[in-house]
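Okay, structure first, notes after.
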Amino acid sequence: MRRIALLLCLLVLLPSLGQYLHAPLEQQRLQSPDGRYTAIVTSPRLWQLLAPLAGPRPTARGHVHIVDADERSLGRIPLPRLAMAQDLEWIAHGARIRGVGAWNFRDGFYAYWNDERTFIHTQALN
């Protein structure tokens, strides 16, 4: 009976723990110079728990998600390293992170390289 109870507890707790560890944790916000857009830098909670074990180099992966003043999403681009968020440049009609991806607010799309840098993913904004 105890084994069944333990098994049931594990079946309930493990998915919840996995969901908790992979949930995005906000690291910082970067405001555009005109104040119309905000880049939200996130990484999975798991990376933050493991970061002290990885040493002083910031190697955690994450995402940059840009929203407008009404909190509408303008796209989410993966970051190979969180430190690359500091390379975000606000440019005319968009933003970019060199070697990672770019947003074009005027034409309504964003694009980014895959991990192997062999393919560019493009996505139209809704």
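No lab work stands behind these numbers, since they all come straight from the coordinates. No experiment lies behind these values; they were computed from the predicted model shown. With ideal geometry, Cβ positions are generated from the backbone for all residues, glycine too; neighbour counts draw on all protein chains shown.
Which Rg and Dmax, in Å, describe the Cα atoms of region 24-124?
13.6, 43
When 4, 66, 120, 40 are ordered from fewest to most other Cβ atoms inside 10 Å of their Cβ, what list results?
4, 120, 40, 66
Please arrange 84, 1 by counting, for each residue, the other beta carbons lying within 10 Å of its beta carbon, fewest first.
The order, fewest Cβ neighbours first, is 1, 84.
Expressed in nm to one decimal, what extension gain is obtained for the pair residue 1 and residue 34 from 0.36 nm per residue of sequence separation less their Cα-Cα distance?
On the way: separation 33, 0.36 × 33 = 11.88 nm, distance 6.34 nm.
Extra length available between residue 1 and residue 34 comes to 5.5 nm.
Quick check: net charge around residue 91, other residues with Cβ under 15 Å of its Cβ, Lys/Arg +1 and Asp/Glu -1?
0
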